Amino acid sequence: MTDKDDGRVRTMGAAENAEVVRRGYKAFNAGDLSALRDLFAENVVWHAVGSGALSGTKLGRDEVLAYFAELGEQSQGSFRATVRDVLGGEHHTVGIHQTHAESDGKTLDMATAIVFVLHDGKIVEGREFSEDSARSDDFWA
């Protein structure tokens, strides 16, 4: 966060960034798009893993939230990201989670990591990495 009252610039530290990411996971799993909206910068960029129908770069908060809603819709509300660890840094924060979703008799259950970039307490970028992007693409096909 920028502290302009005393003229110094202070970036948020690792612990604060990790807490923002943890709140994001909690809001995501609760389906609380309003809370997520508050955590993302308006101009956020999200890189969805793979080459499937839901993959690709999402530009702006509305596109990112629409992508998250689509994950829920296509998994009949079963999509969950169970947090295993959050590693905070001043420039990058990594969320490691187990992805689980079910749809049309198929199950997706794999390790996933997201590298987050935060500025002024808001998520400005997310980049997904999955254990097996081909398996993920197959599930979402």
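Taken as a whole, the condition of being touching a helix residue (DSSP H, G or I) at 6+ places or on another chain (Cβ under 7 Å), farther than 24 Å from GLY13 by Cα and either buried (at least 18 other Cβ atoms within 10 Å of the Cβ) or among the hydrophobic types (A, V, I, L, M, F, W, C) (or both) applies to ALA48. Apart from one condition, LEU36 fits all of (1) within 12 Å of the chain's Cα centre (by Cα); (2) within 23 Å of ASP137 (Cβ to Cβ); the exception is (2). Taken together, the residues in segment 86-111 that are in contact with a strand residue (DSSP E or B) (Cβ under 8 Å, 6 or more places away or on another chain) and in contact (Cβ under 8 Å) with a residue 40 or more places away in the chain amount to 5.
So which residues in segment 27-37 are surrounded by 14 or more Cβ atoms within 10 Å (Cβ to Cβ) and within 23 Å of LEU87 (Cβ to Cβ)? Result: ALA27, PHE28, ASN29, ALA35, LEU36.
Condition check ((1) surrounded by fewer than 14 Cβ atoms within 10 Å (Cβ to Cβ); (2) touching a Lys or Arg at 6+ places or on another chain (Cβ under 9 Å); (3) within 30 Å of GLY13 (Cα to Cα)) across all residues:
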site: GLY24; (1), (2), (3): no, no, yes
site: GLU42; (1), (2), (3): yes, yes, yes
site: GLY89; (1), (2), (3): no, no, yes
site: VAL94; (1), (2), (3): no, no, yes
site: THR99; (1), (2), (3): no, yes, yes
site: LEU118; (1), (2), (3): no, no, yes
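Take the residues of segment 94-129 that are outside any strand (DSSP E or B) and among the charged types (D, E, K, R): which is nearest to the chain's Cα centre (by Cα)? Looking at the filtered set, the residue picked out is ASP120.
Of ALA35, ALA27, ALA53, ALA69, which residue is of a type in the set (A, V, I, L, M) and under 21 Å from ALA113 (Cβ atoms)?
Details: ALA35 fails: under 21 Å from ALA113 (Cβ atoms); ALA53 fails: under 21 Å from ALA113 (Cβ atoms); ALA69 fails: under 21 Å from ALA113 (Cβ atoms).
It is ALA27.
Read-outs throughout are calculated quantities, based only on the coordinates presented, and are distinct from any laboratory measurement. Since the structure is predicted, the reported quantities are computational estimates derived from the model, not experimental observations. Neighbour counts run over all protein chains shown; Cβ positions are idealised from the backbone, glycine included.
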